[in-house]
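Okay, so here's the structure we're looking at.
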Amino acid sequence: MLTRRRFSLAATALAAAMLGGAMQPAFAETDIKFTLDWKFEGPAAGFFLAMDNGYFKEEGLNVTIDSGNGSVEAIPRVATGAYQLGFGDINSLIKFLDEDPSQKVKAVMVVYERPPFSIIGRKSLGITSDPKSVEGKKLGAPPPDGAFAQWPAFIEAAGIDASKVTIESVGFPVREPMLAQGQVDGIFGFAFSSVLNLKSQGVPEDDIVPILMAENGLDLYGNSIMVNTDFAASNPDAVKGFLKALAKGFADAVKDPVAGAEAVMKRNEILNKDIEVERLEMANAMNIRTPYVVENGFGGIDEGKFAKSIDFLKVSMKLKGNVGAKEVFDGSYLPPKEERMLP
């Protein structure tokens with residue numbers, strides 16, 4: 001009897017364990033390390049809202065988000081597998097793959113349908129919305145800056161005589177202060193960052209002139225989600241789930257920029273809420289919720305525009321011609337169009 005009782009208890013325990021297991025999710029959470037391009041600021045709201053609103057969890061993902069040191073540095077972080085996914089400049093990715101097509105990284109979702117690449121000047125120093133107004137002026141340029149990287153193509157697209165422009169190499173930390181102090185007439189940078197940084201330096205808003213390259217002949221794509229291709233091949237559902245969650249997060253950031261800024265400030269308390277709301281609204285209007293995205297959905301590409309952008313990059317980045325759209329961008333992980341519409 002004792003033996004039978006022990007057997008019965010053991011069987012009951014085994015059955016309970018099996019039943020409990022059946023009630024658990026069919027998959028364990030997939031860990032994903034994600035690198036941003038820069039610091040935790042307003043335009044990153046979509047990533048943090050996807051986390052805070054539970055969209056990553058819904059897809060069975062355990063995501064950690066780290067800050068970055070530039071939209072170029074994110075690329076090798078992902079290619080080496082140090083991060084499974086990242087956020088970086090797709091133009092620099094094209095250059096990276098053009099030099100070595102065997103690198104294990106691809107773009108899978110465009111976030112900035114128009115890049116924020118700009119020359120930011122001051123009216124009081126003679127810069128206007130006309131790109132040719134930079135002739136005869138001194139421009140401050142951090143050598144690794146993504147906007148400055150497009151200068152050779154931009155002068156061609158906008159008809160600027162580069163021989164009449166003085167370029168001064170400057171560091172990121174002193175870029176805006178130098179323009180605020182009048183040591184340079186304009187700077188290269190991301191519009192939504194530099195404009196607000198200048199305002200915080202005391203430059204009147206009506207004295208700040210952003211010249212967006214995308215609005216003056218240089219029609220490129222900007223920062224995009226990149227994935228390590230080995231990880232994607234082994235975890236396609238995780239990549240699809242990540243992009244589905246991001247589409248929801250960025251839709252939330254467009255719908256409620258205040259909530260987006262608050263999500264960012266949870267991770268970076270030294271920020272000014274009003275400034276980050278404004279920075280996010282600028283990014284939404286200029287780079288994320290563009291007319292193309294409103295019509296076609298967030299995240300995809302137009303193959304004609306992509307091919308033309310590669311032609312631009314042959315000028316600015318001296319591409320060898322080793323890659324095309326298929327080698328750089330894989331849209332197969334994107335959710336359906338109806339799940340990628342922004343409000």
Worksheet item: Sorted by mean Cβ packing within 10 Å, highest first, what order do the peptides 190-196, 306-312 take?
Response: 190-196, 306-312
Worksheet item: Between Asn69 and Glu339, what is the label-to-label distance in nm when each label sits 7 Å out along the Cα-to-Cβ direction?
Response: 3.6
Worksheet entry | Which listed pairs, of Lys132/Lys320; Lys123/Lys255; Lys104/Lys137; Lys273/Lys305; Lys266/Lys314, have C-alpha distances above 31 Å, in listed order | Lys123/Lys255; Lys104/Lys137; Lys273/Lys305; Lys266/Lys314
Worksheet item: Using 0.36 nm per residue, how much length does the chain from Ala285 to Asp302 gain when fully extended, once their Cα-Cα distance is taken away?
Response: 4.2 nm
Discussion item. Can you compute the charge dipole magnitude of the range 117-215 about its Cα centre, using +1 on each Lys and Arg Cβ and -1 on each Asp and Glu Cβ, nothing else charged? Give it in debye, rounded to the nearest 20.
Written reply: 160
Worksheet item: Which one of Asn62, Phe47, Ala153 is farthest out on the positive end of the charge dipole of the chain, using unit charges on Cβ (Lys, Arg +1; Asp, Glu -1) and the Cα centre as origin?
Response: Asn62
Worksheet entry | Between 0 and 90°, nearest 10: helix 90-99 axis offset from the chain longest Cα axis | 90
Response to the item:
By Cβ neighbour count within 10 Å, fewest first, Ile155, Ile187 rank Ile155, Ile187
Worksheet entry | Label-point separation, Ala28 to Ala82 (7 Å along Cα→Cβ), nm | 2.6
Discussion item. Under 17 Å between alpha carbons, and skipping anything fewer than 8 positions from Lys318 in its own chain: which lysines qualify?
Written reply: Lys95, Lys308
Discussion item. How large is the Rg to Rh ratio of the range 117-215 when both quantities use alpha carbon positions and Rh follows Kirkwood?
Written reply: 0.91
Response to the item:
Listed residues Ala28, Ala45, Ala74; largest mean-square fluctuation, Gaussian network over the chain with Cα springs below 10 Å, found at Ala28
Fill in: Gain in span if fully extended, Lys266 to Gln181, counting 0.36 nm per residue against the direct Cα distance
27.3 nm
Fill in: Length released on extending from Asp130 to Ala162, taking residue separation times 0.36 nm less the Cα-Cα span
10.1 nm
Worksheet, complete the sentence: So, with points 7 Å from each Cα along the Cβ direction, the Lys123-Lys255 label distance in nm works out to 3.8
Worksheet item: Mind checking which aspartates and glutamates have their C-alpha under 12 Å from Lys164, skipping anything on the same chain fewer than 8 residues away?
Response: Glu135
Worksheet item: To two decimal places, what compactness ratio does the chain give when its Cα radius of gyration is scaled by 2.2 N^0.38 Å?
Response: 1.16
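The numbers here are math on the coordinates, done by the rules we state, and not lab data. Just so you know, these numbers come straight off a predicted model, no measurement behind them. When we count neighbours, we look across all protein chains shown, and the Cβ atoms used for this are built from the backbone with ideal geometry, even at glycine.
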